[in-house]
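Written out below as structure tokens is the structure these notes cover.
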Amino acid sequence: CLAKSSMNGFYLVSSSSVLFTCPLPAKHPGVLRPLPLCLVGEMAIPYYTGRVTDWIVTEARTPAFQKALWMMTVFTVGSAVTEFVCDYLYNTTMNRFHTRLQSTVFASILRQEIGFFRASRTGDITSRVTSDTDAMSEALNHDLSLLMWYLMRGVFLYGMMLWLSVPLALFATVALPFIFLVPKLTGKFYQNLAQEVQESLAKANEVAVENFEAILTVRSFANEGGAARSYEEKLQETYKLSEKEAVAYAVNMWTSTLLGLALKVGILYYGGRLVTLGQVSSGALVTFLLYEMQFSTAVKVLLRIYPSVQKAIGSSEKVFEYIDRMPKISPSGTLAPQDLKGHMVLKDVSFSYPDRDNSLVLKGVSLELHPGKVTALVGPSGSGKSTIVALLERFYEPQKGQVLLDSRNLQEYGHHFLHQKGKGL
Ligand SMILES: Nc1ncnc2c1ncn2[C@@H]1O[C@H](COP(=O)(O)OP(=O)(O)O)[C@@H](O)[C@H]1O
Ligand SMILES: [Mg+2]
């Protein structure tokens with residue numbers, strides 16, 4: 001793809017795996033000329049690998065070659081079929097997992113005590129059911145599958161590399177940290193600069209806003225020129241920073257490409273020596289190179305997705321916190337007597353709301369409700385009438401004292417039984 005970044009007049013030329021920046025003025029007619037050059041670097045390695053393979057093929061006996069072709073076909077078809085099955089199984093499992101996760105979180109939230117709903121904002125609770133489970137499933141679906149896939153791939157490829165040639169595999173292993181760490185460091189440098197550019201741009205915007213807002217002052221001091229100059233100065237700062245940023249970006253891209261290339265050349269050189277010494281066959285060297293390329297890709301992908309897997313673990317912790325949360329109200333009992341009379345007693349009850357622990361709403365209240373009799377609770381607003389009703393419904397538990405129904409503690413009754421009967425209270 002070819003994309004123009006209008007900010008600094010750069011052209012980004014990207015192929016599937018490598019990004020080059022070609023620092024060219026946007027209006028230059030020869031802007032596309034270096035494109036083939038950029039691409040030649042990409043094409044060279046597979047081309048020469050192919051040439052080497054050609055050479056082996058002409059040397060080899062035809063039946064052995066045909067057998068190898070057949071084996072390759074069988075393995076490719078086999079791996080395509082298993083990949084299809086794996087994908088299908090993985091995706092359906094993940095979809096089922098997502099649905100079940102959402103309903104589990106929802107059910108465990110519904111189980112919580114009323115105080116929990118009062119203390120947490122509805123938006124927070126809802127986002128646990130929706131966005132957090134979404135993020136978690138998404139990460140599991142995408143990143144975890146990639147992580148597992150590339151991890152296994154990496155282990156297998158490395159095993160094959162070791163099997164082909166231990167010294168070559170060790171050579172590649174020693175070089176790998178440089179290939180990934182150096183671009184990471186230059187990448188960090190680039191990101192810092194990119195942030196500085198953003199900040200400096202924000203400062204320039206601030207100057208513009210300040211001047212527009214204080215337009216009367218600017219006008220009365222006839223300071224339009226000064227304002228324009230101070231804005232221009234800020235813009236110049238931004239421009240200088242973005243120049244640096246562009247260089248850092250190119251260096252970052254080039255180091256990773258160059259180091260990758262250096263490793264391949266190194267392997268070719270060292271491997272070539274091993275071939276001339278007769279320690280490794282030429283075919284094994286070609287295979288090794290192909291494996292090494294896939295192995296580098298696997299390591300690159302693993303390094304890239306590891307942070308998002310960690311992020312997913314973060315959001316999964318929040319989800320599990322809700323699933324594992326025990327309601328702060330004692331579990332209901334199983335009592336469900338057929339002959340319930342409905343005699344309710346509040347015995348020396350003291351109560352404060354969970355989110356206001358230190359202010360007692362009820363202090364040693366005792367009260368009796370006789371079945372078949374109308375009892376009126378009378379008192380000024382905020383005196384605790386609704387609170388008493390909430391305690392009778394067992395939305396809360398008193399800190400001190402007892403709430404009795406037919407001389408049995410309210411919590412001994414079954415949850416469904418209590419609330420079906422409670423409607424008649
Ligand atoms: N959910 C709650 N969380 C914290 N405090 C509450 C809550 N509901 C009521 N209160 C407080 O408890 C006291 C009693 O309220 P309430 O029982 O609603 O009074 P009434 O129904 O008699 O007007 C008041 O001071 C009120 O502010
Ligand atoms: Mg009330």
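The values are calculated or read from the model by the stated rules, or taken from the named source; none is laboratory data. These numbers were taken from a predicted model, which means no experiment stands behind them. Using ideal geometry, Cβ is built from the backbone for each residue, glycine included, and neighbour counts are taken over all protein chains shown. Remember, those area values only see protein heavy atoms, side chains included, never the ligands or the DNA or RNA. Shrake-Rupley method; radii C 1.70, N 1.55, O 1.52, S 1.80 Å.
Structure above, values below:
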{"read-out": "Qualifying position, being away from ligand 1 (no atom under 16 Å from the Cβ) and either at pLDDT 90 or above or open to solvent by less than 30 Å² (accessible area, probe 1.4 Å) (or both), among LEU346, LEU367, LEU392, LEU418", "value": "LEU418"}
{"read-out": "Residue in segment 397-414 that is aromatic (Phe, Trp, Tyr) and more than 16 Å from ligand 2 (Cβ to nearest atom) present", "value": "yes"}
{"read-out": "Helices (runs of 4 or more DSSP H) (entirely within segment 71-145) containing at least 3 residues that are under 21 Å from the mean Cα position of the chain (by Cα) and away from ligand 2 (no atom under 16 Å from the Cβ)", "value": "122-127, 133-139"}
{"read-out": "Residue in segment 371-389 that is nearest to LEU360 (Cα to Cα), counting only those that are of a type outside the set (S, T, N, Q) and crowded, with 16+ Cβ neighbours inside 10 Å", "value": "GLY384"}
{"read-out": "Meets criteria (over 30 Å from MET160 (Cα atoms), at pLDDT 85 or above and of a type in the set (Lys, Arg)) for LYS341", "value": "yes"}
{"read-out": "Residues of segment 117-135 classified as of a type in the set (Lys, Arg), open to solvent by 50 Å² or more (accessible area, probe 1.4 Å) and touching a helix residue (DSSP H, G or I) at 6+ places or on another chain (Cβ under 7 Å), total", "value": "1"}
{"read-out": "Within segment 254-280, considering residues that are in contact (Cβ under 8 Å) with a residue 60 or more places away in the chain and in contact with a Ser or Thr (Cβ under 6 Å, 6 or more places away or on another chain), the one surrounded by the fewest Cβ atoms within 10 Å (Cβ to Cβ)", "value": "THR255"}
{"read-out": "Qualifying residue in segment 359-368 (condition: within 16 Å of ligand 2 (Cβ to nearest atom), in a loop (DSSP other than H, G, I, E, B), without any contact (Cβ under 8 Å) to a residue 12 or more places away in the chain and more than 37 Å from the chain's Cα centre (by Cα))", "value": "no"}
